[in-house]
Amino acid sequence: MTTTEQKLSAAPAQASRRDAVAGKSIAEGKSFFRKRFWRGVVSAIVGGAFWGFSGTCAQYLYQNYEIDPLFITWVRMLGSGMLFLLLLALTQRDRLRGIAADKATIGKLTLFGIAGLFLCQFTYTTSVNATNAGTATVLQSLNTVFIVAITCVALRRAPRVMELGGLALAFVATWLIATQGNPTALMIPPAGLAWGLINALSCTFYIMYPKRLFARWGSLPVTGVGMFIGGVAAVIVWALGGLWGAPPVVPALGFDGVLVLAGIVLVGTLAAFGLYLHGVSVVGSVKGGLLGTTEPASAMIFAALWLGTMFTWADWLGLVLMVAMIFLVTLSGSSEGSESEERAV
């Protein structure tokens, strides 16, 4: 057999091996994306649950101490922000230096930290003070409605079936909790409802705004620097007398109060935001917003078991409907097309 004939006979085998290698690479790529997606799902769910825990901690402080929501806000944000920066200095020093040297990025992170993280945390703790941890966190979950609406408008498309199902559940759940099933009455304080809606809007901003920042710098550096900037802003607002001109007061906390406040900083802020925003950076803002509905579930469970907060059938049914959204979004899968679509928003 000539050399040419040998090459011709070997060509099909080589092509077959190339196809096999290509097929294996595609399969490995799909497996990688699936694993990455589910890690993002778990991160978002656990982060949301930790938020719910922080809401119950805040309710405990309101019930046992004279404490200002703004004081809780700046302590949790500045404390966790400093811990974030310490972690970044130890693990991602180059990225931290890069962010510090980029004026445009610092400007965007300032907006993210103040209009997003600070406003979200302040309105949430104020909503908890006006209602309770469970009600405040269910109202916060309305950010899902705003995220889906903004995404659909930006992409000029109609909501998908899963998204419509999630929106319907969110509306019904909110209606049940606000009216207790009586359409002619509002069963929660109007101030609590208003703060809850403002909180949902601010959450929408901090979930959707930093997408490009996440893509460039990563979720941990963006969250950490934004949290520190927001914490500094919160301290300044508190020191100037807050939004109503009241003199800043440091509450006299007992050992239990200090311990609960530390839990808010470490678990309810540092771990919660780090995990949740990492999850959002992986699964996208729409799915991340829906998965964050573990927050009202954990808040209501902690409030009932720890603080003895009484919830009605309407509260629990509203909770069940909110949590049902988690199954809708996870069943929708993790298609690369949907991730690319969300990055375009």
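Scanning the stretch 134-162 for residues that are touching a helix residue (DSSP H, G or I) at 6+ places or on another chain (Cβ under 8 Å), surrounded by fewer than 24 Cβ atoms within 10 Å (Cβ to Cβ) and either closer than 20 Å to F53 by Cα or touching a residue at least 60 places away in the same chain (Cβ under 8 Å) (or both) gives L142, V148, I150, T151, L155, M162.
Among the helices (runs of 4 or more DSSP H) confined to the stretch 40-159, the ones with at least 2 residues that are closer than 26 Å to S298 by Cβ are located at 69-91, 119-130, 133-140, 143-155.
Contact annotation: residue pairs with Cβ atoms under 8 Å, 6 or more positions apart or on different chains, pairing a residue in the stretch 51-62 that is in contact (Cβ under 8 Å) with a residue 40 or more places away in the chain with a partner that is crowded, with 24+ Cβ neighbours inside 10 Å and outside any helix (DSSP H, G or I), are W51/G292; Q59/N132. Screening S338 on (1) out of contact with any Leu (no Cβ under 7 Å at 6 or more places or on another chain); (2) closer than 29 Å to E66 by Cα; (3) in a helix (DSSP H, G or I); (4) modelled with pLDDT under 85 shows it passes everything except condition (2).
As a summary of the residue check, R97 satisfies the conditions (1) surrounded by fewer than 23 Cβ atoms within 10 Å (Cβ to Cβ); (2) in contact with a helix residue (DSSP H, G or I) (Cβ under 8 Å, 6 or more places away or on another chain) except for the one numbered (2). Taking first residues from the stretch 210-233 that are among the β-branched types (V, I, T) and part of a helix (DSSP H, G or I) and partners that are modelled with pLDDT under 90 and open to solvent by 10 Å² or more (accessible area, probe 1.4 Å), the Cβ contacts under 9 Å between residues at least 6 apart in sequence or on separate chains come to V222/F214; V222/S281; T223/F214; T223/G274; T223/H278. As for the stretch 172-189, it holds at least one residue that is of a type in the set (V, I, T), crowded, with 19+ Cβ neighbours inside 10 Å and in a helix (DSSP H, G or I). Checked against the criterion of being at pLDDT below 90 and of a type in the set (D, E, K, R), the stretch 103-124 has no qualifying residue. Taken together, the criteria place L240 among residues that are closer than 17 Å to W74 by Cβ and either surrounded by 12 or more Cβ atoms within 10 Å (Cβ to Cβ) or out of contact with any helix residue (DSSP H, G or I) (no Cβ under 9 Å at 6 or more places or on another chain) (or both). Scanning the stretch 301-320 for residues being at pLDDT 80 or above and either assigned to a helix (DSSP H, G or I) or under 17 Å from F171 (Cβ atoms) (or both) gives a total of 13.
The values are calculated or read from the model by the stated rules, or taken from the named source; none is laboratory data. Note that the structure is a prediction, hence the values are computed from the model and not measured. For neighbour counting, all protein chains shown are included, and Cβ atoms are generated from backbone atoms with ideal geometry for every residue, glycine included. Heavy atoms of the whole protein, side chains included, go into the accessibility calculation; ligands, DNA and RNA do not. Shrake-Rupley method; radii C 1.70, N 1.55, O 1.52, S 1.80 Å.
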